Amino acid sequence: MKKLYITVFGIALLTSCGGGGGKKSVENIIESGSLEAMKTKRGELVMQRDELSGKLTQLDEAIAKLDTLHKLALVSATEAKDTLFNHYIELQGNVSTKQNILINAEYNGILTQVYVKEGQAVRKGQLLAKIDDGGLSQQLAQLEIQANLAKTTYERQKRLWDQNIGSEMQFLDARTSYESQEKAIAQLKDQIAKTTVTAPFSGTIDDVITDQGTAVTPGNPLMRIVSLNNMYIEAEVPEKYLASIKKGTDVEIDFPVLGKTVDAKVRQVGNYINPNNRSFKIEVDVPNDSGNIKPNLTAKLRVNDYTSEHAILIPQSIISENANGEQYVYIAEKNGKKDQAIAKRVIIQTGKPQGDIMEVLEGISAGDHLINEGARSVEEGQVVKIIK
């Protein structure tokens, strides 16, 4: 259109200035040096320009009525569909196990035997080490001999007492002696049991801390035993999610170091809100079939706090907000012409976001065509051209 304007205007000027026959050209008038003639000629040219400008405006309006394609905004549209929507909250946690303990000495003596080595798998109750009992075994043997005599004496006195033979004091003295010997044996056996170190659960000896032949006292660490069969992750969750996270909630666990993701469930939800950070604790089971997940390993948790089976999801990039704080999008409504539509503004109510996706609760139905590319440049009621 600009080229047409320049061409018509240029022809008119040439006609008026040089091709008019009896009229003097602009060059001739300038050469004459007549100021009056120059002003007169300029006035004529201004009138001609205004006349041509008006005609060009009329042509532009007529063309605009017939040629509407040049005004159409190019947009792309996507069909809204209802789909399954799982919303997750992301948390940080470390792998832990309640079966990760130090085994300490319970008796004062020399560590005479260590029966296991680092990395060895052991069973619950298996003998791990032995501490010298300092002669307690010999004392036990003597006590057992005395106890057998006390038992025989008591049984004889009881038979006589049952036949009303002998005094009650003899019977009571024999019974007391026998019971005292039994208690002394039980106490000594408890002391001797502390000289043997056994596995409290099935697991792996992670570290042997004290070497054989070392003198130990109660509380000295001897070795560490770890079980990888009952692993869990403890994480803190903001209190606003208290109603949406329960025992059995699905969790995705990502181990960045291992490049591994596993599915798990919440096995315990805390009943206490920490007043310092307004959070509660959860424990998540950690499947460890491969055995490469270790205590204190860093993990990222994605906890499923919300699920909708028929959700409308749209890109957050196409959502705008008006002066009233209302969120809206544009829908492409067909106008009967191929690849054309009318942009319609729709107020929406949004739900939960997930990444660059937003859930829409109200305002959009499945099957609506949402303007995607070009959504920021269209206006209400504007005719648009939909590109594939």
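Quick look at the numbers
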quantity	calculated
Checking L143 against (1) surrounded by 15 or more Cβ atoms within 10 Å (Cβ to Cβ); (2) touching a strand residue (DSSP E or B) at 6+ places or on another chain (Cβ under 9 Å), the condition it does not meet	(2)
Odd one out for S365, checked against (1) surrounded by 15 or more Cβ atoms within 10 Å (Cβ to Cβ); (2) of a type in the set (S, T, N, Q); (3) in contact (Cβ under 8 Å) with a residue 24 or more places away in the chain; (4) over 18 Å from A73 (Cα atoms)	(1)
Every pair of residues 6+ apart whose Cβ atoms lie under 7 Å, when the first sits in the stretch 283-301 and is among the small types (G, A, S) while the second is at pLDDT 90 or above	A299/G93; A299/N94; A299/V95; A299/I233; A299/I253; A299/D254; A299/F255
Only listed residue being touching a His at 6+ places or on another chain (Cβ under 7 Å) and within 15 Å of A80 (Cβ to Cβ), chosen from I331, I314, I348	I331
Some residue of the stretch 300-314 being hydrophobic (A, V, I, L, M, F, W, C) and over 30 Å from V384 (Cβ atoms)	yes
K281 of a type outside the set (S, T, N, Q) and either out of contact with any Asp or Glu (no Cβ under 8 Å at 6 or more places or on another chain) or assigned by TED's automatic domain parsing to the domain that holds K352 (or both)	no
Failed criterion for Q340 (all others in (1) surrounded by 15 or more Cβ atoms within 10 Å (Cβ to Cβ); (2) modelled with pLDDT of 90 or more hold)	(2)
Check on T97, under 30 Å from K240 (Cα atoms) and modelled with pLDDT of 85 or more	yes
Single condition G93 does not satisfy, out of (1) in contact with a Leu (Cβ under 7 Å, 6 or more places away or on another chain); (2) closer than 22 Å to G203 by Cα; (3) not aliphatic (A, V, I, L, M)	(2)
Qualifying strands (runs of 3 or more DSSP E) (wholly inside the stretch 167-277; at least 3 residues being at positive phi and not charged (D, E, K, R))	none
Contacts under 7 angstrom Cβ, first residue in the stretch 79-108 being part of a strand (DSSP E or B), partner surrounded by fewer than 16 Cβ atoms within 10 Å (Cβ to Cβ) and among the acidic types (D, E), 6 or more apart	L84/E309; G93/E234; S96/E234
Tally, over the stretch 218-231, of residues that are of a type outside the set (A, V, I, L, M), within 27 Å of L136 (Cβ to Cβ) and surrounded by 15 or more Cβ atoms within 10 Å (Cβ to Cβ)	1
Residue list for the stretch 323-351, restricted to those being within 13 Å of V384 (Cα to Cα), part of a loop (DSSP other than H, G, I, E, B) and not polar (S, T, N, Q)	G336, K337, K338, D339
Leading residue by the ranking (surrounded by the most Cβ atoms within 10 Å (Cβ to Cβ)) among those in the stretch 203-217 that are under 30 Å from M231 (Cα atoms) and in contact with a Gly (Cβ under 9 Å, 6 or more places away or on another chain)	I205
Single condition L111 does not satisfy, out of (1) crowded, with 16+ Cβ neighbours inside 10 Å; (2) at pLDDT below 90	(2)
Count of the stretch 288-322 residues which are at negative phi and either assigned to a helix (DSSP H, G or I) or modelled with pLDDT under 90 (or both)	10
Breaking point among (1) over 30 Å from T204 (Cβ atoms); (2) surrounded by fewer than 11 Cβ atoms within 10 Å (Cβ to Cβ); (3) acidic (D, E), for E333	(2)
Test: I145 is under 30 Å from G203 (Cα atoms) and either out of contact with any Ser or Thr (no Cβ under 7 Å at 6 or more places or on another chain) or among the hydrophobic types (A, V, I, L, M, F, W, C) (or both)	no
The stretch 273-318 - residue that is under 30 Å from A343 (Cβ atoms) and of a type outside the set (S, T, Y) and, of those, surrounded by the most Cβ atoms within 10 Å (Cβ to Cβ)	I312
Any pair with Cβ under 9 angstrom, 6 or more apart, that starts in the stretch 336-362 at a residue that is farther than 22 Å from E380 by Cβ and ends at one that is of a type in the set (A, V, I, L, M) and exposed (fewer than 15 other Cβ atoms within 10 Å of the Cβ)	G351/L361
Identity of the residue in the stretch 127-140, surrounded by 14 or more Cβ atoms within 10 Å (Cβ to Cβ) and closer than 27 Å to R224 by Cβ, that ends up modelled with the lowest pLDDT	G134
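The values are calculated or read from the model by the stated rules, or taken from the named source; none is laboratory data. Small disclaimer: the values here were computed from a predicted structure and weren't measured. All Cβ positions, glycine included, derive from the backbone under ideal geometry; neighbour counts span all protein chains shown.
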